């Protein structure tokens, strides 16, 4: 009965959208080609699998103690698979460097190697998904001074440059094996709690160090470098070396991607507005969907105004082929798998809604100067039956429709997660 109801509602929705010149099947084909990179750090509260006593630092804090945190890579991969089974479309797995597997051996960040991610690569191949990667330049004794690649200390700077180089080697191998570029995101904690006197030389060091990390020529068929800016972090409130201006300038002059995270800008800034600006100067860009609450708090993504506006701008700019989409949040106060499912599905729903917009009619009206019709049509589309198309997409993809996924998560919690604590 559920399937019949879904089909009936979809057919009605398809006819409604057709009235506005929108082909729902075209929208569904488009969203089915989009790969969302699902971050590993939601599954274990950004703890990682290093043999180390180091706690989190660098403006990163996961709050809450919901039972069932993944304690090792096997548990995290199992949780990943459960989440994947409840989400339509295509996903990628996004790893941080400190999610390595060393068999109990202590390996410092400047000694990470491809072999420590062999299990991840085999798992991805078996699952038929792709991997992305991130340098881990935080939560480490050599980042406690607030600076990594912008440190005045040659030893500390050299340590992190070597870490970055090795991460590129790992990402290169991932890209080669999966036959798809591995997106390598570079985010550095560097900054100061209080206002420094020297900003210029810090940023010069930062840039020289990034150049050193990227000194090896690597094919874009294997690795796509991205640099992520940030407004501030806890304990780094007054100065961030890798500001928005620096990141964009570096990306443009080095022909790499810039990463725009929804939580890494001033609360009144529109990340959506940056898409059409950045893509004038770069070939591609990376987006991190998150939900800041007054600051970069990394709440679970919702289908809110910010997410909707971001996806609308990607579609309106005809930029789906030029934009990579990844998730970036961590909430330890709720079921972690549910957080993945809610955040990914919310991102996809926002994208589907954008794909169902009558773009050509809106453009025609705007270019004709008929801003009255443009406003009326944009407003009318807000209550169109997008959810009926979404439910059909889920049904067609063989994943739970509506809230049916929640029962599976609670059963998994009972059978697996609660046995971990």
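Of all the listed residues (194, 211), the sole one being more than 18 Å from residue 137 (Cα to Cα), out of contact with any strand residue (DSSP E or B) (no Cβ under 7 Å at 6 or more places or on another chain), surrounded by fewer than 24 Cβ atoms within 10 Å (Cβ to Cβ) and at pLDDT 95 or above is 194.
If only residues of segment 187-213 that are assigned to a loop (DSSP other than H, G, I, E, B) and touching a helix residue (DSSP H, G or I) at 6+ places or on another chain (Cβ under 8 Å) are counted, the one that is farthest from residue 175 (Cα to Cα) is 196.
Can you find, within segment 265-290, the residue that is farthest from residue 320 (Cα to Cα) among those that are in contact with a helix residue (DSSP H, G or I) (Cβ under 8 Å, 6 or more places away or on another chain) and assigned to a loop (DSSP other than H, G, I, E, B)? Filtering segment 265-290 for residues that are in contact with a helix residue (DSSP H, G or I) (Cβ under 8 Å, 6 or more places away or on another chain) and assigned to a loop (DSSP other than H, G, I, E, B), the one farthest from residue 320 (Cα to Cα) comes out as 265. Of 119, 65, all but one fail to be surrounded by fewer than 15 Cβ atoms within 10 Å (Cβ to Cβ) and either under 19 Å from the mean Cα position of the chain (by Cα) or modelled with pLDDT under 95 (or both); the exception is 65.
One residue is enough: does segment 336-345 have a residue meeting the conditions surrounded by fewer than 18 Cβ atoms within 10 Å (Cβ to Cβ), closer than 28 Å to residue 225 by Cβ, touching a residue at least 40 places away in the same chain (Cβ under 8 Å) and in contact with a helix residue (DSSP H, G or I) (Cβ under 9 Å, 6 or more places away or on another chain)? No, every residue in segment 336-345 fails to be surrounded by fewer than 18 Cβ atoms within 10 Å (Cβ to Cβ), closer than 28 Å to residue 225 by Cβ, touching a residue at least 40 places away in the same chain (Cβ under 8 Å) and in contact with a helix residue (DSSP H, G or I) (Cβ under 9 Å, 6 or more places away or on another chain).
Any chance segment 313-324 includes a residue that's farther than 22 Å from residue 362 by Cβ, in contact (Cβ under 8 Å) with a residue 40 or more places away in the chain and touching a strand residue (DSSP E or B) at 6+ places or on another chain (Cβ under 6 Å)? Yes; the residues of segment 313-324 include at least one that is farther than 22 Å from residue 362 by Cβ, in contact (Cβ under 8 Å) with a residue 40 or more places away in the chain and touching a strand residue (DSSP E or B) at 6+ places or on another chain (Cβ under 6 Å). Restricting segment 134-160 to residues that are within 25 Å of the chain's Cα centre (by Cα) and more than 21 Å from residue 199 (Cβ to Cβ), the residue that is surrounded by the most Cβ atoms within 10 Å (Cβ to Cβ) is 135. Of the residues making up segment 168-179, those that are over 17 Å from the mean Cα position of the chain (by Cα) and within 22 Å of residue 35 (Cα to Cα) are 168, 170, 172, 173, 174, 175, 176, 177, 178, 179. Taking the listed residues 35, 15, 53, the one that is at pLDDT 95 or above, surrounded by fewer than 19 Cβ atoms within 10 Å (Cβ to Cβ), out of contact with any helix residue (DSSP H, G or I) (no Cβ under 8 Å at 6 or more places or on another chain) and farther than 22 Å from residue 87 by Cβ is 15, with no other qualifying.
The lone criterion from (1) at positive phi; (2) touching a strand residue (DSSP E or B) at 6+ places or on another chain (Cβ under 8 Å) left unmet by residue 255 is number (2).
Residues that are part of a helix (DSSP H, G or I), in contact (Cβ under 8 Å) with a residue 60 or more places away in the chain and touching a strand residue (DSSP E or B) at 6+ places or on another chain (Cβ under 6 Å) do occur in segment 347-362. Going through segment 214-247 one residue at a time, which ones are under 22 Å from the mean Cα position of the chain (by Cα) and not in a loop (DSSP other than H, G, I, E, B)? Those that are under 22 Å from the mean Cα position of the chain (by Cα) and not in a loop (DSSP other than H, G, I, E, B): 223, 224, 225, 226, 227, 228, 233, 240, 244, 245, 246, 247. Scanning segment 103-116 for residues that are surrounded by fewer than 17 Cβ atoms within 10 Å (Cβ to Cβ) and more than 25 Å from the chain's Cα centre (by Cα) yields 103, 104, 105, 106, 108, 111. For residue 318, all conditions in the list (1) at pLDDT below 95; (2) on the phi > 0 side of the Ramachandran plot; (3) surrounded by fewer than 18 Cβ atoms within 10 Å (Cβ to Cβ) hold save one; what is the number of the exception? Residue 318 satisfies every listed condition except (1).
Using the structure shown, decide if residue 106 is part of a loop (DSSP other than H, G, I, E, B), out of contact with any helix residue (DSSP H, G or I) (no Cβ under 9 Å at 6 or more places or on another chain) and either farther than 30 Å from residue 35 by Cα or at pLDDT 95 or above (or both). Considered against the rule, which asks whether it is part of a loop (DSSP other than H, G, I, E, B), out of contact with any helix residue (DSSP H, G or I) (no Cβ under 9 Å at 6 or more places or on another chain) and either farther than 30 Å from residue 35 by Cα or at pLDDT 95 or above (or both), residue 106 comes out as yes. Against the conditions (1) within 16 Å of residue 147 (Cβ to Cβ); (2) touching a strand residue (DSSP E or B) at 6+ places or on another chain (Cβ under 8 Å), residue 234 satisfies every one except (2).
Of the residues screened, residue 78 is not one that is under 23 Å from residue 288 (Cβ atoms) and either at pLDDT below 95 or surrounded by 13 or more Cβ atoms within 10 Å (Cβ to Cβ) (or both).
Of the conditions (1) more than 14 Å from the chain's Cα centre (by Cα); (2) crowded, with 22+ Cβ neighbours inside 10 Å, residue 298 clears all except one; give me its number. Evaluating residue 298 over (1) more than 14 Å from the chain's Cα centre (by Cα); (2) crowded, with 22+ Cβ neighbours inside 10 Å leaves (1) as the failure.
The values are calculated or read from the model by the stated rules, or taken from the named source; none is laboratory data. Treat the numbers as computed from the prediction; the structure is a model and nothing was measured. Note that we place each Cβ from the backbone using ideal geometry, even for glycine, and neighbour counts take in every protein chain shown.
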